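Participant: This structure is in structure tokens; I'll ask about it shortly.
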Amino acid sequence: MLLDVTDPEKDVLIALLVDSIERSLPSPQTDLLHSLLPKIGADTASAPTDPAAPLDEAVLTALSELRRDGQPDVLSMVLALFQQSAPAVLNELVAAAASDDTVLLLGASHKLRGISANVGARLLASRCSQLEAAARLGSVPENAGTQIEGISREYEPSKQL
């Protein structure tokens with residue numbers, strides 16, 4: 001084994017790696033992080049990450065590996081949070097664009113990016129990140145409606161989790 005750590009330490013390391021993967025766009029660095037997960041005990045026997053797939057199976061696998069006897073199922077909790085939160089946040093995006101509210105757009109795009117990354121919806125998170133970056137410039141972009149439509153289309157396959 002690469003690391004000689006206790007179970008609680010391993011859980012923390014896995015959680016940190018998964019968090020890094022979730023918050024990053026696909027890149028050689030995230031691929032490296034995926035390759036490190038098995039070395040610390042995460043089961044990543046799933047197929048390699050397909051950049052065009054709506055969900056990153058490695059993230060879901062890593063979350064399921066966090067399950068411990070007598071503890072709540074992390075994967076189920078994260079999926080439930082996504083299913084409960086995403087529709088309302090999408091509505092916030094639409095309302096922000098309609099009312100030209102930069103602060104609401106920034107907050108909603110940031111929230112949806114985070115919860116999407118948490119479930120491995122990398123493409124959805126990437127689209128939200130683009131909208132968030134545009135809102136950080138201080139105004140609602142002219143193409144916000146088009147971007148939000150793209151986010152909604154990307155969300156469709158993810159909502160069946």
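Participant: How much length is gained on full extension from Ser152 to Glu57, taking 0.36 nm per residue of separation minus their Cα-Cα distance?
Facilitator: 32.1 nm
Participant: Next question. For the pair Asn91 and Ala133, what calculated FRET efficiency results from E = 1/(1 + (r/R0)^6), where r is the Cβ-Cβ distance and R0 = 22 Å, to the nearest 0.05?
Facilitator: Once rounded, the FRET efficiency stands at 0.55.
Participant: Something else: Between Asn143 and Ser76, what is the FRET efficiency for a Förster distance of 35 Å, r being their Cβ-Cβ separation, to the nearest 0.05?
Facilitator: Here the calculated transfer efficiency is 0.45.
FYI, it's all coordinate maths here, none of it is from the lab. Predicted, not measured: the structure shown is a model, and the values here were computed from it. Here Cβ is always computed from backbone atoms with ideal geometry, including for glycine, and neighbour counts include all displayed protein chains.
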